Amino acid sequence: MEYIITCISHNRHENINNFIDLVGTNEIVFFVKDQQDKEMYLKNGATKVIVSGSLMDSRNASLKYCFNLNKICIQLSDDLEKIMINDFTAKRTYKYVTVKQAIETIYKHFLQSKYYFAGFPPTNNPFFALKQYEYDKFIVGDFIIIKPNKLTFDTNLRLKEDYDYTLQHIKELSGCIRYGAFLNSFKHYSNKGGAVDYRTTNLEQETIKYLQQKWGECIKLNPKRENEILINKNSYSILNSNQQSLF
């Protein structure tokens with residue numbers, strides 16, 4: 001099964017050339033908020049741009065676009081900054097690869113696995129990424145790989161949708177797999193545009209409350225970081241022992 005590389009982006013057209021270099025190809029389908037975005041992205045080097053609306057609408061449009069063609073969906077955030085090889089020694093290798101190189105390294109394993117959803121550790125610190133494979137743990141949404149399936153991103157969310165999407169896969173499609181071979185760095189809060197334009201403490205807290213109501217004890221507050229959460233390490237057991245669907 002082939003794949004399509006997509007990027008969910010808004011108001012970051014100045015980054016296009018650097019982003020293409022990081023991906024390793026200009027064959028990227030950009031899903032953007034509005035027509036103004038589309039014009040600026042095309043002007044600055046993008047070759048295919050689709051207007052798809054809000055963040056969640058764009059994520060779901062990306063899934064639909066790929067799945068309708070029976071292709072695996074690679075979703076990237078334009079927050080992605082660099083990808084470092086991890087040799088599991090707990091030390092930084094300072095050896096970097098493109099998105100395509102990272103995909104090609106793990107792609108065969110993912111295809112042969114039972115999982116529909118894969119990604120990488122939510123940290124760029126090799127001290128906290130010592131396992132080649134981890135299962136049913138949080139998959140950070142900035143670089144994700146999804147086989148065609150029925151699940152979509154929750155359009156009630158504007159932030160932290162990757163926590164929800166991870167738990168959906170744990171609940172409904174046997175779980176997910178995290179590859180420790182690559183550690184990604186993201187700009188996130190320092191990168192203008194995207195969710196940075198509307199992220200507030202109130203919205204963070206509203207989002208956390210919504211996820212707690214939806215997923216119960218699967219969502220834990222992060223004791224070390226304000227406005228951040230963790231997925232309970234026992235989520236698979238919690239969700240799969242409950243016969244009543246959460247949807």
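The values are calculated or read from the model by the stated rules, or taken from the named source; none is laboratory data. Keep in mind the model is a prediction, meaning the values are calculated, not measured. Please note: Cβ atoms are built from the backbone with ideal geometry, for glycine as well, and neighbour counts cover all protein chains shown. To get the accessible areas, we keep the full protein, side chains included, count just its heavy atoms, and leave off ligands, DNA and RNA. Shrake-Rupley method; radii C 1.70, N 1.55, O 1.52, S 1.80 Å.
The condition of being touching a Phe, Trp or Tyr at 6+ places or on another chain (Cβ under 8 Å) and of a type in the set (Val, Ile, Thr) holds for only one of THR105, THR47, that being THR105. Residues in the stretch 203-230 that are open to solvent by 30 Å² or more (accessible area, probe 1.4 Å) and under 19 Å from the mean Cα position of the chain (by Cα) were compared, and the one that is nearest to ILE170 (Cα to Cα) is LEU230.
Within the stretch 202-230, residues that are farther than 16 Å from GLU161 by Cα have Cβ atoms under 9 Å from residues that are among the small types (Gly, Ala, Ser) in these pairs: GLU217/SER235, counting only partners at least 6 apart in sequence or on another chain.
On the stretch given as the stretch 1-20, residues that are open to solvent by 40 Å² or more (accessible area, probe 1.4 Å) and within 18 Å of LEU69 (Cα to Cα) total 3. Selection of the stretch 183-234 for residues being modelled with pLDDT of 90 or more and within 19 Å of GLU81 (Cβ to Cβ) yields LEU183, ASN184, SER185, PHE186.
The residues of the stretch 21-50 that are among the β-branched types (Val, Ile, Thr) and open to solvent by 30 Å² or more (accessible area, probe 1.4 Å), listed by number, are THR47, ILE50.
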